[in-house]
Each structure stands twice: as structure tokens, then as C-alpha cells.
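Notes follow the structure.
Readers should treat all values here as calculations from the given coordinates under stated rules, not as data from a laboratory. Computed from a predicted structure; not experimentally measured. Here the Cβ positions follow ideal geometry from the backbone for every residue, glycine too, while neighbour counts run over all protein chains shown.
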Amino acid sequence: MKLDRISSNPNRMNGQPSIRNLRLTVRRVIELLATYPNREELRQEFPELEDEDIQQALIFASSYLSDRIIWQWFKESIAELSF
């Protein structure tokens, strides 16, 4: 899936991955999902946030985390094999 709603600009939001041209980072969207389990409440508070934004934020976060977890596991595994 193409993540065309997420961009990172070093001059905006400290370079954090953000949703479209909004001042909402991927991290903030994930926090909002945890804070507002009811999507209707979330939409009322953040009407500019669309379902596609949320979906891409979740995909971005999950792909980033899995890469880091696998890399960390790999480094720990290699360290255990050292002679």
C-alpha cells in the first residue's frame, strides 16, 4: 500500500512523520486512537482526520515497529553467538 498521506519534512513538526499537511504526527494519531476508543468522538474532536489517514498511520507505525523489533532481536541473537 502506498502511504501517500504521510510525509516527513525537517522544517515541519521537527521532521516527525506527519499526516498530509496537517499538524498531526503519526505518533499523535496513534495516541488519539488510544484516547478515543469511539471513532465518532474522535471525528468530533478532529474533523480533519479521515479514515484513510488513520489507516495509513497504523500501517506506518506497525511497519516501523516490526523492523525495529526484528533488528533488535537479530542484534541480540548475534551477540549471544559471539565467542
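If packing is taken as the mean number of other Cβ atoms within 10 Å per residue, what is the order of 55-63, 10-18, highest first?
In decreasing order of mean packing, 55-63, 10-18 become 55-63, 10-18.
Note the full-extension length gain between residue 22 and residue 63 as 0.36 nm times their separation in residues minus their Cα-Cα distance, in nm to one decimal.
Additional length available on full extension: 12.6 nm.
Provide the gained length on full extension for the span residue 12 to residue 41, in nm with one decimal, where the gain is 0.36 nm per separating residue minus the Cα-Cα distance.
7.7 nm
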